[in-house]
Ligand SMILES: *Cc1c(COP(=O)(O)O)cnc(C)c1O
């Protein structure tokens, strides 16, 4: 058996490995090298029959694992919409891991419950949401979308006299579900999980930036579940949520905002016009692990009607011990859960209101710099760069694809591709606090070299 007094020793060892990892980041390839990936076979063995010393296990993990990580925190990772991690968040999380708290109930962790209450109030204030808005702390926006849409579905059906939690969806009144043509993949996953059927979603036409066109929303005779987004996963564009609310809320519709990475725009006075109207919705999703740079995994569901959220996640059991304090499991689909509020609190406390605004503004500023420099070097900018996303292409689809391949192989930076308005794009997401203007310049130089190589072809 391992001994409890091993823990400080192992934490010191983990600290040594972590520091070595951090110190090596700047010099290494952003995407792991072929040799590092080959090294992963070092993990392949039959289930060990006998125990191994913990120190050896950690050493193996570092030796094989660290080089095979994607260097997401280095400032030159622009893939998907993956955030970096602020140092204070990582450190607070280490402490929270040592605490090993379960946040299902107040009696399991008064400190976790308390910090969730504090974070809830701060985020509602920061984003200018209606007083009393409830927050649930989940693993990411997929589950936050699930939670917000579950609350909305249940509440709309409850108003029509149908208790879906008890009766299920068979025989339920029909509920229309509307989403923009550019809604995120997770929205469809969630609609399917909630039993509402992806084919039943009415897709509302979007404009060339991917924004829902409010005039294309059909006249509604009854309330519907309407899913908008703040931050298109390709272009970064925001739906005109206020105008959508104008069209659908008079019949009592529930408006949800998928704001995975965009909702934090609400913290920036400079981005006021993008965010405007979002605060009029009924529920919202946002990731702390993307643009806010809290370590993975951290998502938040926000719901104007607290009772709608908590009633969706009701559970009972003789062994539960309820208090009059915040009971975490009433706000999320899960019961046992790590104390995500700890590192979230630490990041919000260390940044403060002005620091969150400065963090978001910095991402937007660097996206703008990317667009300027890439345009100057002959790339075509394919979107209005309003937030942290930049879509670019070369003269034709094939050159764009080959340039992207070479960018990815360069090790200098990493980003992904997508298809936008019918043709290939390279998709740049500026999501990391650590990205500096020099990182952007270095990445642009890598893009130019990649395109030159792609032009010369395989034998060039
Ligand atoms: C990332 C993202 C999601 C999914 O969030 P996860 O945290 O990966 O579950 C949903 N919607 C949008 C717009 C996103 O960018």
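A short reminder: the numbers here are calculations on the coordinates, not readings from a lab. Everything numeric in this text was worked out from a predicted model, so none of it was measured. With ideal geometry, Cβ positions are generated from the backbone for all residues, glycine too; neighbour counts draw on all protein chains shown.
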Roughly speaking, what is the stretch gain from residue 296 to residue 200, that is 0.36 nm per residue apart minus the C-alpha to C-alpha distance, in nm to one decimal? 31.3 nm
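Before rounding to the nearest 500, sum -39500 (n - 2.57) across all DSSP H runs of length at least 4 in the chain and divide by the residue total; then give [θ] at 222 nm in deg cm²/dmol.
It comes out at -12500 deg cm²/dmol, rounded to the nearest 500.
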Restricted to the chain, the DSSP antiparallel beta bridge percent, nearest 5, is 60
Cα Rg over Rh - the range 396-460, Kirkwood: 0.99
When only Cα pairs under 8 Å and 6 or more residues apart are kept, what is the percent relative contact order across the chain? 22
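Sort the following peptides by mean Cβ neighbour count (other Cβ atoms within 10 Å, averaged over residues), highest first: 413-423, 85-95.
Ranked by mean Cβ neighbours within 10 Å, highest first: 85-95, 413-423.
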What ranking do 77, 319 get, fewest neighbouring Cβ atoms within 10 angstrom at the top? 319, 77
Find how much the distance from residue 3 to residue 26 grows on full extension, using 0.36 nm per residue of separation minus their present alpha carbon separation; answer in nm with one decimal. 4.6 nm
Pair-distance profile P(r), taking every C-alpha pair of the range 6-70, with 5 angstrom steps and integer %: 4, 16, 23, 22, 18, 12, 5, 1
Mind ranking 15-25, 34-44 by how tightly packed they are, going by the mean number of other C-beta atoms within 10 angstrom, highest first? 15-25, 34-44
How much of the DSSP beta bridge set in the range 88-240 is antiparallel, as a percent to the nearest 5? 20
Using a Förster radius of 30 Å, what is the FRET efficiency between residue 159 and residue 318 based on their Cβ-Cβ separation? Nearest 0.05, please. 0.40
Rg to Rh ratio, the range 352-455, alpha-carbon atoms and Kirkwood radius? 0.98
Would you kindly calculate the translational diffusion coefficient of the chain, applying Stokes-Einstein with the Kirkwood radius from alpha carbon pairs, for 37 °C and a viscosity of 0.692 mPa s, and quote it in µm² s⁻¹ without decimals? 138
Which order do the peptides 231-237, 215-221 take when ranked by the mean count of other beta-carbon atoms within 10 Å per residue, highest first? 231-237, 215-221
To check my understanding: the extent here is largest minus smallest coordinate of the Cα atoms along each principal axis. What are those three numbers for the range 92-348, in Å, largest first? 51, 46, 29
Stokes-Einstein D in µm²/s, Kirkwood radius over Cα pairs - the range 375-434 at 10 °C with 1.306 mPa s viscosity: 133
Calculate, in whole percent, how much of the Cα-Cα pair population of the range 171-310 lies beyond 26 Å. 18
To the nearest 0.05, the calculated FRET efficiency linking residue 40 and residue 12 through their beta-carbon distance, R0 being 22 Å, is 0.25
Mean shadow area of the range 185-252 over all directions, Cα convex hull, nm²: 4.8
